[in-house]
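Structure, as structure tokens:
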Amino acid sequence: MYETIKQTADFIKEKTSLRPRVAIVLGSGLGNLSSKIDVEVSLEYKDIPNFPVSTVVGHEGRLIFGRLKGTEVLAMQGRFHYYEGYSMQQVVFPIRVMKFLGVEHLLLSNASGGMNPDFEIGDLMIITDHINLMGTNPLIGSNDERIGPRFPDMSEPYNKSLIDEVKTIARKNGIRYQTGTYAGISGPTFETPAEYKYIRTLGADAVGMSTVPENIAANHAGIKVFAISVITDLGIDGRIVEISHEDVIEAAKQSEPKLTLIFSELSGKL
Ligand code: HPA
């Protein structure tokens, strides 16, 4: 594992002289942020050794190196989801490569269903904590102490200073935000009404199919994480309507400018 990650990181290091300390993962419908990056190098996932290969036709996957508000960043346009059939090790492989590239801050975004009755479609939710309901964990298996500890602490899974920084940015720019706990489920089914109710009862404010594995791998490797959800639909009793992936993408796109502003400003400060 260690050698595989190193081989990939070494390959990437040869392709660019940039050594970003900030990495960004762009969620469903949120890929447009990359247009704000002064791109130096763009690598297709399929051309990167050991990177998981997308089995989904037309699935975009690109690793972008450039500058955002003057700060060197690495952005993943397209992520790997557990429901696609990748192993958890494959899902988090890029995060481990990031560590080897020198990344210290990871900014994650996703689309999710809101279960907190105060939420509206289009809201941004700063993730303050998560509940892993994926039924597995990316750290299951033998542990390599060179990457991180066997039993990682998770007392501050989402970095408090980064959260405070984003709250300040949002206030300054008049962006409404929510805060809350994200529940990670495997998908690919959206929730039944009873499942939304159940997950809400557990203490979650939003639910989605990503972010938790990446967060765990990042914490394991000592990378500080900030994550934000765009609420694209509601799992609230009486307000649940039929949804499709297209609806989720469309709702995420509507809120994208707010997210882009937040990630740009935050990157500029890191
Ligand atoms: N549930 C799970 N994943 C999601 C949802 C949802 O309601 N919306 C966007 N991603």
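For region 81-92, backbone phi angles converted through the Karplus equation (6.51, -1.76, 1.60; θ = phi - 60°) give residue-by-residue couplings of 9, 4, 5, 6, x, 5, 6, 4, 4, 5, 4, 9 Hz, Gly and Pro being listed as x. Charged side chains reduced to their Cβ positions (Lys and Arg at +1, Asp and Glu at -1) give the chain a dipole of some 820 debye around its Cα centre. Per-residue Karplus couplings for region 37-48, computed as 6.51 cos²θ - 1.76 cosθ + 1.60 with θ equal to phi - 60°, are listed in order as 8, 6, 6, 9, 9, 10, 10, 6, 3, 5, 9, 9 Hz, Gly and Pro entered as x. Using Cβ point charges alone (K and R +1, D and E -1), the dipole size of region 62-137 about the Cα centre works out to roughly 480 debye.
Look at the dipole of region 168-270 built from charges on Cβ: of Leu259, Gly187, Leu234, the Cα furthest out on the positive end belongs to Leu259. Placing unit charges on the Cβ atoms only, positive for Lys and Arg and negative for Asp and Glu, gives region 1-84 a dipole magnitude near 300 debye about its Cα centre. Tell me the angle of helix 160-172 to the major Cα principal axis of the chain, expressed in degrees between 0 and 90 and rounded to the nearest ten. With rounding to tens, the tilt is 60 degrees.
Under a 5 Å amide H cut-off, with hydrogens placed 1.01 Å from N, Asp123 pairs with Ile231 among residues at least 5 apart or on other chains.
Model label points for Glu120 and Ser186, set 7 angstrom from Cα along the Cα-to-Cβ axis, are 3.7 nm apart. Label separation (Ser17 vs Val41): 1.2 nm, computed from points 7 Å beyond Cα along the C-beta direction.
Surface composition of region 1-98: carbon and sulfur make up 45 percent of the accessible area, probe 1.4 Å.
Couplings 3J(HN,Hα) for region 246-255, derived from phi with the Karplus relation 6.51 cos²θ - 1.76 cosθ + 1.60 (θ = phi - 60°), are 4, 4, 4, 4, 4, 5, 5, 4, 4, 8 Hz, where x marks Gly and Pro. For Ala227, the residues 5 or more places off, or on other chains, whose built amide H falls under 5 Å of its own are Leu108, Ile127. Centroid-to-centroid, using Cα positions, region 29-101 and region 143-188 are 19 Å apart. With a/c under 1.5 counting as rounded, go ahead and sort region 142-201 into rounded, prolate or oblate using the C-alpha gyration tensor (a ≥ b ≥ c being the square roots of the eigenvalues; past the cut-off, prolate if a/b is larger than b/c, else oblate). The shape class here is oblate. Relative to the longest principal axis of the Cα atoms of the chain, helix 2-15 runs at roughly 80 degrees. Taking a straight line from the alpha carbon of Lys6, these lysines sit under 28 Å away, with near neighbours fewer than eight places off in the same chain left out: Lys15, Lys46, Lys99, Lys224. With protein chains left intact and a 1.4 Å probe, residues in the chain average 44 Å² of accessible area per residue.
Close amide H pairs (under 5 Å, H built 1.01 Å from N) link Leu26 with Met76, Gly78, residues at least 5 positions away or on another chain.
Per residue, the chain reaches -10000 deg cm²/dmol at 222 nm when only DSSP H runs of four or more residues are counted, each adding -39500 (n - 2.57).
The values are calculated or read from the model by the stated rules, or taken from the named source; none is laboratory data. Quick caveat, the model's predicted, so the values are computed rather than measured. Ideal geometry is used to build each Cβ from the backbone, glycine not excepted, and the neighbour counts take in all protein chains shown. The accessibility values were calculated without ligands, DNA or RNA, using every heavy atom of the protein model including side chains. Shrake-Rupley method; radii C 1.70, N 1.55, O 1.52, S 1.80 Å.
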